[in-house]
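Take a look at the structure below.
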Amino acid sequence: MKTISEKLLFPFAVVISAWVVLTSAYLCYLSPQRAWPYGLALAVICIAWAVYYFDAGDRNKDATLSEPRRKHLLAIVFSGLLLSNALSIKLMAQLGWSGGFASELGERSLGFLMGAIVVVLANAIPKKTSSARGLVVLRIAGWALVLGGAGYALALLVLPLPYANDAALLVLLAATIYGATRVVWLSVKHRSLPPSCG
């Protein structure tokens, strides 16, 4: 599976960043006495875009040189998703929507996003170049974390909220322990032994 190209990530990152900027500015306007968290969200987005534009990689020269820029865009998308989720829930509460509904929606959507981010990042683990044995280890670790992240996101979507956080953490922990156990077992099983004398 190919990684997401910079051409696809750029418009997505722009839209998410624009939403964060507009929502932060509007929330600053609504409650100027508590404007510092919204100013911090604006600063995060501005710094992320500055790093993206002042990065040394030239996307027109070589595909390997544009890889850092693509990673910066991915970081902007992930941080923008988390910030836009938190800001959107705060905006819903400020506009007078049901407080309990907004709070539950915020908790569930944040958990879902965190699980989805684990899935996306874990999916990139097996794509690292390595030896044949190293590739097997990376695939085991990647699959374990993909399943753990998917279970985390699913638990926060469907289970009752009092149990969802604990169940999501248990699913992710179980997947991590499974992946670590498989990696250790594989390394012990295929450990190279010194030749025997006589």
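Remarks
- Here LEU83 meets the list (1) open to solvent by 60 Å² or more (accessible area, probe 1.4 Å); (2) under 17 Å from the mean Cα position of the chain (by Cα); (3) at pLDDT 85 or above almost entirely, failing just condition (1).
The rows are residues; the columns are (1) surrounded by 17 or more Cβ atoms within 10 Å (Cβ to Cβ); (2) in a helix (DSSP H, G or I); (3) at pLDDT 85 or above; (4) hydrophobic (A, V, I, L, M, F, W, C).
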| site | (1), (2), (3), (4) |
| --- | --- |
| ASP62 | no, no, no, no |
| ALA75 | no, yes, no, yes |
| SER79 | yes, yes, yes, no |
| LYS90 | yes, yes, no, no |
| GLY100 | no, yes, no, no |
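- Residues of segment 124-160 classified as open to solvent by 40 Å² or more (accessible area, probe 1.4 Å) and under 17 Å from VAL171 (Cβ atoms), total: 9
- Selection of first residues in segment 79-95 that are in contact (Cβ under 8 Å) with a residue 24 or more places away in the chain and of second residues that are open to solvent by less than 30 Å² (accessible area, probe 1.4 Å) and part of a loop (DSSP other than H, G, I, E, B), restricted to Cβ pairs under 8 Å at least 6 apart or on distinct chains, gives the following pairs, ordered by first then second residue: GLN94/SER31.
- For the criterion of being surrounded by 14 or more Cβ atoms within 10 Å (Cβ to Cβ), charged (D, E, K, R), at pLDDT below 85 and not assigned by the TED database to the domain that holds PHE10, ARG191 fails.
The values are calculated or read from the model by the stated rules, or taken from the named source; none is laboratory data. If you're wondering where the values come from, they're calculated on a predicted model, not measured in any experiment. Ideal geometry is used to build each Cβ from the backbone, glycine not excepted, and the neighbour counts take in all protein chains shown. Surface areas here come from the heavy atoms of the whole protein model, side chains and all, with no ligands, DNA or RNA. Shrake-Rupley method; radii C 1.70, N 1.55, O 1.52, S 1.80 Å.
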